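Structure, as C-alpha cells:
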Amino acid sequence: MTVTPVASTTHEEIYRVEDPATGLIGFIALHSTQLGPAAGGLRMRPYGSEEEALEDVKRLSEGMTYKNAAADLALGGGKAVIIGDPCVDKSPALLRAFARAIHSLEGRYYTAEDMGMSPADMAILAEETPYVAGLADGEFASGDPSPVTAQGIFNAIRISQAHVSGSKDLSGLTIAVQGLGHVGWCLCELLTKAGAELIVTDVNQDQLAKAAKVFGATPVEPDEIYAVQADIFAPCAIGGILNAKTIPQLKVSIVCGGANNQLATPADGQALHEAGILYAPDFVANGGGIINVASEIAQITNRADYVAEKLCALELTLTNILNQAKAEDQSPDAVAITTVLAKMARQSAA
C-alpha cells in the first residue's frame, strides 16, 4: 500500500492511495485543519477516471470545511474517495488497506460513512485505525448519520418554505426528491408524515418501485426530475446537478436537499437567485450528519442533547443567511460562504 502526496494550491494536503493487492485506488483530501482535525466521509463510486475522483474529493473536502464551520464544530474539512463499484469491488481487505492510509495521517483526518459505505464498513476500518466515526457499537458510537442528516434537511425545507410563504406547513405541497439512498429515503419518510406529496427518482428501479408503494410517490426517470411541476426540489444524490442545463428546466420555488456540492459553479447560485428560486445552501442544510459524527469524535456523553442543540443552532444560521440574502438581494450561497468564513475567522481568533 502506497500513500503519495498530490501537489495542490487549494488544499493543505492531498494523497493518492494505492494497494495493488486489493485493487484499491483512492484519494484523501484535507482542505483545512484551521478549526480542528479534518473530518468528512469516505465515498466509494465507480468514477470514470482518477481525474474525476480527484476533482470530486477536492470539491467535497472544501464543502466539508464550510459545513463544519457552519455548524460551529471544532473540525476542519476533509474527504476520502475510493474508485470502484461498492457492490462489486468493496472487500474487507480493501477497506483495511484504506484504513491504514488514514492511520498514516496520525489523526489529521477522521472519516465516516458516505455514499457506498455503511456502519459495518466503518467497523472494518476501525480494526486498523481509531480515526473513524459513524460506528454502530461502542461507548460513543453515533451509528448511521443518515437519519440526522435527513432531519436537518427536513428542518431546512420547512425554514425555506416559511421564508417563501410565511408558513412552515408542508401539507399538500409537492416535493421532488432526487436520490433514494439512506438520506433520501429517511427524508421521504419525514416529508410523507408532514403531508407532502412526493415525486421521486433514482437509478435503482427497485428502490423507485418501493417508494411508490411505501410513500405513494410518483416515480420518474432520472433525467425527468428537473422539469417536473413541484413546489420544492430536494437533490439527495450526487453533486453538480444544478447547472446551466438543469436550472432553466426547474419549475419549483425552492431547492433544498442533502446532496453535497449541488452547484456546478458559483455562478449557478446566482442563476437560481435570478430565476426567483430560493436555494438553501447545501453545506448548511445537510449539516446534520456531520453533527452526529462530531459527537462521536468529541466523545460526547449526552449525544441526543448535543445533536439537538447543534441542529437548532444550524436552523438559526440558515434563517439568518436567508434573511440577509433577501435584504441584500444576493444569492444565499454567496451569503453563506461569507458567513462561514467569518465564523472561521472568529473561531480561530478565540
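The values are calculated or read from the model by the stated rules, or taken from the named source; none is laboratory data. Keep in mind the model is a prediction, meaning the values are calculated, not measured. Glycine gets a Cβ as well: all are built from the backbone with ideal geometry, and neighbour counts include every protein chain shown.
Here are some notes:
- Scope the range 1-36; condition under 12 Å from residue 78 (Cα atoms) and part of a strand (DSSP E or B); matching residues: 13, 14, 15, 27, 28, 29, 30, 31, 32
- Of all the residues in the range 147-183, those that are buried (at least 24 other Cβ atoms within 10 Å of the Cβ), closer than 21 Å to residue 312 by Cα and small (Gly, Ala, Ser) number 4.
- Of all residues in the range 87-105, none are within 20 Å of the chain's Cα centre (by Cα), more than 22 Å from residue 332 (Cα to Cα), outside the structural domain of residue 323 (by TED's automatic domain parsing) and modelled with pLDDT of 95 or more.
This table checks each residue for (1) within 19 Å of the chain's Cα centre (by Cα); (2) under 27 Å from residue 79 (Cβ atoms).
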residue: 129; (1), (2): no, yes
residue: 132; (1), (2): yes, yes
residue: 159; (1), (2): yes, yes
residue: 183; (1), (2): yes, yes
residue: 188; (1), (2): yes, yes
residue: 197; (1), (2): no, no
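- Just one of (1) in contact (Cβ under 8 Å) with a residue 40 or more places away in the chain; (2) surrounded by fewer than 13 Cβ atoms within 10 Å (Cβ to Cβ) fails for residue 256. It is (2).
- Among the candidates 79, 67, residue that is within 14 Å of the chain's Cα centre (by Cα), charged (D, E, K, R) and more than 23 Å from residue 124 (Cα to Cα): 67
- Only a single criterion out of (1) assigned by TED's automatic domain parsing to the domain that holds residue 101; (2) under 21 Å from residue 282 (Cβ atoms) is not satisfied by residue 121, namely (2).
- Pair list, Cβ under 6 Å, 6 or more apart: the range 338-349 residue at negative phi, other residue assigned to a helix (DSSP H, G or I) and surrounded by 11 or more Cβ atoms within 10 Å (Cβ to Cβ): 339/321; 340/66; 340/69; 340/70; 343/69; 344/69
- Within the range 37-60, the residues that satisfy the criterion of being buried (at least 18 other Cβ atoms within 10 Å of the Cβ) and part of a loop (DSSP other than H, G, I, E, B) are 37, 40, 41, 47.
- In the range 72-98, of all residues being part of a strand (DSSP E or B) and among the small types (Gly, Ala, Ser), the one that is surrounded by the most Cβ atoms within 10 Å (Cβ to Cβ) corresponds to 78.
- Residue match in the range 50-69 (condition: out of contact with any strand residue (DSSP E or B) (no Cβ under 9 Å at 6 or more places or on another chain) and either within 30 Å of residue 341 (Cβ to Cβ) or at pLDDT 95 or above (or both)): yes
- For the range 301-350, residues that are among the β-branched types (Val, Ile, Thr) and within 16 Å of residue 35 (Cβ to Cβ) total 4.
- So residue 113, is it surrounded by fewer than 22 Cβ atoms within 10 Å (Cβ to Cβ) and either acidic (Asp, Glu) or under 16 Å from the mean Cα position of the chain (by Cα) (or both): no
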